[in-house]
Amino acid sequence: MSAGARAAEVEAIGMSMRFGRFVALDDVSIKVAAGSFHALLGENGAGKSTLVKCIMGYQRPSAGQLLVDGREAAIGDPRDAAALGLGMVYQHFTVAPSLTAAENLAIARRDAPGILDWAAERARLADFMARMPFKLPLDLPTRALSAGERQKLEILKQLYLGRRFLVLDEPTSVLTPDEADEALGLVRALTREGSLTALMITHKFDEVSSFADEVTVLRRGRRVGSGKASELARDELARMMMGDQPLARPDDRAPVGGGAVLEVLGAEAPDRTGTKTIRIDDVAVREGEIVGVAGVSGNGQREFLEILAGQRALSAGEIRVRGAPYRATRAEMRRMAVRFLPEEPLRNACAPRMSVMENLAFRTFDVDAGGRRRFLLDRAAIRERARVLVERFGVKAPSLDAPISTLSGGNVQRAALARELDGDVALLIVANPCFGLDFSAVAEVRARIVRARNRGAAVLLVSEDLDELLELSDSIVVMRDGAIVHRTPAADADVHEIGRHMAGAE
Amino acid sequence: MTGGIGWWGLPIAMLGGAIRVSTPFLFVSLGETVTERSGRINLGLEGILVFGAMSAYAVAVRTGSPWTGVAAAALSGALFGALHGWICKFPKVNDVAIGIALMLFGSGLAFFFGKPYIQPAAPHLPAMSLGAWSSIPQLRAALEVNALFPAGIAAAFVLRWALRDTRAGLALRVVGDSSEAARALGIDADRVRLAATCFGGAMAAVGGAYLSLYYPGSWNENISSGQGLMAVALVIFARWNPIGCVAASLLFGGAGALGPALQSVGITHGYYLFYAAPYVLTLGAMIASSAPGRAGAGAPAELSIGT
């Protein structure tokens with residue numbers, strides 16, 4: 001296998017892709033020099049995936065030309081691309097989890113023999129691994145590997161197959177920051193030594209500035225900028241990505257002052273392993289206040305949310321909303337105007353195969369205008385309501401009748417938020433609202449949350465993103481080992497102190 | 001009645017029973033292991049087994065050769081498997097529902113074509129007398145082993161080897177593990193599953209041939225007592241491992257032989273209860289394998305009964 005092969009140079013000239021009247025890609029040219037790490041930056045729908053699919057042969061461009069190592073290449077399908085040494089690493093994993101790394105690599109070879117000679121196979125793998133800048137356990141089922149190791153195995157697999165040019169499609173979206181650094185570090189090391197050229201699709205600025213050599217920015221199917229990653233500042237990249245379209249800006253914050261809406265008093269419940277106890281002594285959220293809950297994931301935040309959502313029974317203590325006991329029944333939620341936006345709303349707050357319209361009606365479909373329970377649905381009213389919400393929250397959906405799972409992540413989040421913020425909201429409980437969203441969607445979701453606060457809603461925001469908490473919260477509490485271990489007003493919060501409390505090293 | 005060996009007759013009768021009764025379990029479960037390893041479940045095996053029993057018997061009657069009957073059964077089973085595999089490749093088709101339909105279809109078809117073969121006698125599959133060295137008649141009877149039994153054991157070891165050391169075996173496991181991964185490798189998941197379901201069908205039908213051509217050795221509509229369905233539970237019990245299938249088949253076979261064995265040593269009361277042993281064992285296996293926490297450990301991830 002040719003891991004020692006020279007990196008390939010790939011150049012696309014005048015690539016265009018039209019679907020009917022819709023132009024997904026408009027005369028885009030990009031040159032990825034041999035041995036460089038090139039970032040392709042853009043919002044969702046900017047044409048990044050289309051460009052890459054045209055290069056890799058998954059789609060046939062309407063116009064345009066592809067050069068590999070300066071020679072024109074006719075790529076009709078992914079196999080042609082593979083023959084030229086072009087490969088792709090996807091967002092999700094494509095290694096089989098119950099096979100070992102060695103088995104995954106052996107079966108990936110096109111010319112794998114019918115009966116595998118493991119002795120020869122191992123010698124070949126050992127030889128290959130000796131040339132790699134890191135080690136990986138080859139004999140464990142890959143499900144035992146960390147996400148970072150699995151992503152590295154994906155990259156290894158491509159190299160083992162002799163690829164000289166790799167497209168990485170948002171390769172870090174399922175990785176923790178440390179794992180992301182490891183995986184991208186590997187790619188950079190390989191490009192530096194000249195055995196690989198990489199083109200990475202991303203919308204994370206940090207990855208561009210810390211790993212990429214060059215960057216090309218797409219917006220609405222056009223190339224709007226490019227240059228050396230080290231010379232382009234963050235704001236400049238953001239402006240290229242967003243164009244003149246203004247980012248949603250949070251409203252100025254109204255001062256906090258009002259009675260307590262949510263009170264959690266000595267609430268205790270077993271955690272999900274059943275071996276430890278979650279104990280929230282005293283958390284109060286007042287009208288027009290955002291209380292942020294910080295913590296390393298897995299320190300009881302999920303259980304706390306489940307308690308508030310009525311999914312986990314209390315063994316002691318109580319939850320009060322406006323002074324009255326609260327058990328998260330549908331009737332109470334409605335009477336007390338409590339709304340809930342869990343993380344990954346497509347999974348946790350939507351019925352994926354039901355339509356956008358139906359999903360938008362989940363809070364209201366069973367009562368009439370006067371608040372009485374109804375037996376038959378008023379489909380006309382549901383449709384009208386959905387139309388208004390979709391318009392007001394800017395949800396981009398093919399139609400109101402499309403299954404909600406066909407929407408992009410940002411639009412699912414907008415739709416869920418539209419449903420939860422519709423009408424009077426006394427208490428809003430939100431978890432990681434910006435996971436996996438792109439730049440403009442993040443800004444918009446955050447602005448909506450601040451607006452709800454300014455209208456008098458009490459907001460409890462659980463997030464793993466400390467920057468988000470510092471930006472949005474009025475006060476911050478830190479959870480560790482199932483308890484609140486630190487509280488501070490957000491205005492004079494010290495990031496390092498919060499970090500120390502999160503890590504448990506006071 | 002016990003011929004002078006008294007209670008020793010019980011384990012000997014159970015040993016013989018286990019070997020006799022386990023063979024169909026062994027074939028059906030090995031086939032289903034391969035099918036399930038590809039990420040499909042075929043609940044139609046019961047129907048395929050009954051049809052296999054009928055076609056083996058009919059062909060054996062016609063040709064006078066029991067082995068031709070076994071081959072015919074395998075062919076018919078493979079065709080049924082292909083039907084299942086072909087229907088399941090269409091989007092939104094549920095393999096469990098198709099399996100149940102196939103179970104009824106296979107049995108119905110077998111009864112329809114099998115009517116004329118209830119009367120005539122077919123030649124039996126030959127047995128090997130492994131007990132010739134012994135002077136105890138019960139032991140000699142117990143060690144009358146049909147050639148299909150060692151063939152099934154050998155098949156289990158071949159399968160274990162194939163799953164680990166052949167390209168086809170790895171491809172099968174990849175497909176069962178993740179369609180996504182298979183697609184990325186350029187493996188056509190539908191084709192692998194079709195082949196795996198064909199193989200499963202052929203093996204189940206051979207199990208049926210054993211029933212009609214050796215033990216009990218006649219064709220009638222009650223030939224199967226649910227072996228095709230129980231084998232599905234047995235695969236789960238065996239954790240999708242061919243060698244596990246051998247052990248589980250012997251265990252189920254032994255449990256099935258408990259009732260007749262008790263009868264043979266002269267117990268006349270309550271042995272009916274022990275006829276239920278394999279079914280109780282099936283139930284136990286299902287409960288154990290669905291116990292929270294360890295449910296589906298080792299189960300192919302693409303399987304619809306997985307966690």
Solution diffusion estimate, µm²/s, Stokes-Einstein, segment A:10-242, Kirkwood Rh from C-alpha pairs, 20 °C, viscosity 1.002 mPa s: 117 µm²/s
Long-range amide H partners of A:VAL167 with built H, under 5 Å: A:GLY87, A:MET88, A:VAL89, A:LEU199
Whole-number accessible area per residue in Å² for segment A:257-382, which is evaluated in the context of all protein chains at 1.4 Å: 52 Å²
For segment B:23-76 and segment A:242-312, distance of Cα centres in Å: 60 Å
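Which percent of the accessible area of the protein assembly as shown is formed by carbon and sulfur heavy atoms (probe 1.4 angstrom)? Working shown, then result.
Details: 20280 of 35970 Å².
On the protein assembly as shown, the fraction of accessible area on carbon and sulfur atoms equals 56 percent.
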In degrees, nearest ten, helix B:189-213 long axis to first principal axis of chain B (Cα): 10 degrees
Range of Cα positions in segment B:164-307 per principal axis (Å), largest first: 62, 39, 27
With Cα atoms, 0 to 90° folded angle of helix B:66-88 axis to chain B main axis: 30 degrees
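Would you please calculate the Kirkwood hydrodynamic radius of the protein assembly as shown over all C-alpha pairs and express it in Å, rounded to one decimal? Numbers along the way, then the final one.
On the way: mean 1/r = 0.0321 Å⁻¹.
Taking every pair of different Cα atoms in the protein assembly as shown, averaging 1/r and inverting gives 31.2 Å.
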10 Å beta-carbon shell around A:HIS203, net charge (K/R +1, D/E -1): -2
Estimated Rh, segment A:1-101: Kirkwood, alpha-carbon pairs, angstrom: 14.9 Å
Long-range amide H partners of A:ARG219 with built H, under 5 Å: A:VAL224
A:ALA294 long-range amide H proximity, modeled H, under 5 Å: A:VAL477, A:VAL478, A:MET479
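Report the percentage of all Cα-Cα pairs in segment B:111-181 whose separation exceeds 13 Å, rounded to a whole percent. Before the final figure, lay out each step's value.
Details: 1924 of 2485 pairs.
Everything past 13 Å amounts to 77 percent.
With solvent modelled as a 1.4 Å probe, how much accessible area in total do chains A and B shield from it at their shared surface, in Å² to the nearest 100?
Working: alone 23660 and 13860 Å², together 35970 Å².
Answer for the A-B pair: about 1500 Å² buried.
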Degrees between helix B:227-237 axis and first principal axis of chain B (Cα, 0 to 90, nearest 10): 70 degrees
Table column - 3J(HN,Hα) (Hz), segment A:424-429, Karplus curve with 6.51, -1.76, 1.60, x for Gly and Pro: 6, 10, 8, 9, 10, 10
Alpha carbon convex hull of segment A:394-506, projected area averaged over orientations, nm²: 8.4 nm²
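Under a Cβ-Cβ cut-off of 13 Å, what is the net charge of the residues other than B:VAL28 that fall near it, where Lys and Arg count +1 and Asp and Glu count -1?
Within the 13 Å Cβ shell, the charges total -3.
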Alpha-carbon centroids, segment B:140-202 and segment B:269-287: separation in whole Å: 29 Å
Average accessible area per residue (Å²) across chain B - probe 1.4 Å, nucleic acids and ligands excluded: 43 Å²
Label-zone membership for segment B:116-133, site B:ALA147, 7 angstrom Cα→C-beta point, backbone N under 20 Å: B:122-132
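How much accessible area per residue does segment A:10-242 have, counting only protein heavy atoms and a probe of 1.4 Å, in square angstrom? Display every interim value, and only then the final one.
On the way: 9740 Å² over 233 residues.
Each residue of segment A:10-242 exposes 42 Å² on average to a 1.4 Å probe.
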Label point distance in nm, A:ASP80-A:VAL388, each placed 7 Å from Cα along Cα→Cβ: 5.4 nm
Charge sum, other residues only, whose C-beta stays under 10 Å from A:ALA24's C-beta, Lys/Arg counted +1 and Asp/Glu -1: +2
Residues B:ASN94 and B:ALA247, FRET efficiency given R0 of 45 Å [Cβ-Cβ distance, rounded to 0.05]: 0.90
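Equivalent-ellipsoid semi-axes (√(5λ), Cα gyration tensor) for segment B:1-150, whole Å, largest first? Let's see the in-between values first.
On the way: eigenvalues 245, 78, 33 Å².
Square roots of five times the eigenvalues give 35, 20, 13 Å.
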Rg and Dmax [Cα atoms of segment A:330-466; Å; Rg one decimal, Dmax integer]: 14.4, 46
Approximate spin-label separation A:ALA260-B:GLN119, in nm, with each point projected 7 Å along Cα-to-Cβ: 9.1 nm
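For segment A:136-209, rounded, prolate or oblate, judged on the Cα gyration tensor with a ≥ b ≥ c (square roots of eigenvalues), a/c < 1.5 rounded, else prolate if a/b > b/c? Could you put the intermediate results ahead of the total?
Working: a/c = 1.93, a/b = 1.14, b/c = 1.69.
Oblate.
For the pair A:ALA337 and A:ASP252, what calculated FRET efficiency results from E = 1/(1 + (r/R0)^6), where r is the Cβ-Cβ distance and R0 = 35 Å, to the nearest 0.05? Numbers along the way, then the final one.
Numbers: r = 24 Å, r/R0 = 0.69.
Working from the Cβ atoms, E equals 0.90.
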Inter-site label distance for A:ARG18 and B:ALA276 at 7 Å from Cα along Cβ, in nm: 7.5 nm
Rounded, prolate or oblate (a/c below 1.5 giving rounded, otherwise prolate when a/b exceeds b/c) for chain B by Cα gyration tensor: prolate
Estimated FRET transfer efficiency when R0 is 22 angstrom, pair B:ARG167-A:ARG60 (beta carbons, to 0.05): 0.10
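The values are calculated or read from the model by the stated rules, or taken from the named source; none is laboratory data. Keep in mind it's a predicted model, so treat the numbers as computed, not measured. Cβ atoms come from the backbone with ideal geometry, glycine included; neighbour counts cover every protein chain shown. The area values use the complete protein model at the heavy-atom level, side chains included, leaving out ligands, DNA and RNA. Shrake-Rupley method; radii C 1.70, N 1.55, O 1.52, S 1.80 Å.
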